[in-house]
Amino acid sequence: MEFNLVQTIAIYAIPVIFAITLHEAAHGYVARYFGDLTAWRLGRISLNPVRHIDMVGTIIVPLVILVTSKLFGGGFLFGWAKPVPVNFHALRNPKRDMLWVAAAGPAANLLMALAWAIVLKLAVSLPPNIFTLPASLMAEAGVTVNIVLMVLNLLPILPLDGGRIAFSLLPDSLASKYAGLERFGLPILLLLIFTNVLGLILSPMIQFSIGLIAALFQL
């Protein structure tokens, strides 16, 4: 089928925007639960995507990657929203509670992937009509996008969520040394993305996770 830019954007827009923005909102919600009111005071604990959208990270970068991957193949879908501000020192138990705040984002992506899988199951179970095909395509995109973001963010590289989780689990002496590596985190991540090493590392985990969801819902 010939690549259609408008159709591709229509299919991926909602899954991408909600996957990225609700990921951030989840961080703020859990931070508030554990005592940090920073995001709440700034109005960032919201299901309204407008409060979280970053024009470059939420729209332009994913769109460019999506278009180039459709036209030329390859590409690893990547994006970000406005980071929800978290003052880890305001948490009741900063090092321990950091784990739950960090894990909230990937957990939100997992829940959204499961929700999209339910939509996909319903779409393929209903008699074909003008709604079932676009719904199934959007649901497939929703599952894929959320699993990709979940697995990506669980990498143990600071400042990703997986890095925060690793910091929380490490003994204090090792955690402080590990935190010192954060300044190298973004350059390392960008290098892995542009050399396609990141795709090679994450693809097996992504495929396994999507396969597990497919088996769970008999898709």
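Every number in this text was worked out from the coordinates using simple rules, so none of it is lab data. All values reported here derive from a predicted model rather than from experimental measurement. No Cβ is skipped: glycine too gets one built from the backbone with ideal geometry, and neighbour counts run over all protein chains shown.
A few points about this structure:
- Counting neighbouring beta carbons within 10 Å and listing from fewest to most, the residues Arg44, Arg96, Arg51 come out as Arg96, Arg51, Arg44.
- Förster radius 30 Å - calculated FRET efficiency between Met205 and Ile53 (Cβ-Cβ, nearest 0.05): 0.65
- For Asp161, Asp54, Asp172, Asp97, order by how many other beta-carbon atoms lie within 10 Å, fewest first: Asp172, Asp54, Asp97, Asp161
- Label zone of Phe217 (point 7 Å out along Cα→Cβ, amide N under 15 Å): in segment 130-153 this covers 132-148.
- Counted by Cβ distance under 13 Å from Phe167, the other residues give a net charge of 0, where Lys and Arg count +1 and Asp and Glu count -1.
- Annotation note: chymotrypsin sites (Phe, Trp or Tyr not before Pro) in segment 144-219 located in DSSP loop regions with a Cβ neighbour count of at most 16 within 10 Å are Phe217.
- At an R0 of 41 angstrom, the distance between the Cβ atoms of Leu126 and Leu42 translates into a FRET efficiency of 0.45.
- Cα-derived Rg over Rh, computed across segment 5-216 with Rh taken as Kirkwood radius: 0.99
- Gain on full stretching of the segment that runs from Leu111 to Ala10 - 0.36 nm per residue minus C-alpha separation: 34.2 nm
- When the Gaussian network model of the chain links Cα atoms closer than 10 Å, the mean-square fluctuations of Ala102, Ala135, Ala31 top out at Ala135.
- For segment 90-102, 3J(HN,Hα) computed residue by residue from phi via the Karplus equation (6.51, -1.76, 1.60; θ = phi - 60°) reads 7, 5, 4, 10, x, 5, 6, 5, 4, 4, 6, 5, 5 Hz, glycine and proline entered as x.
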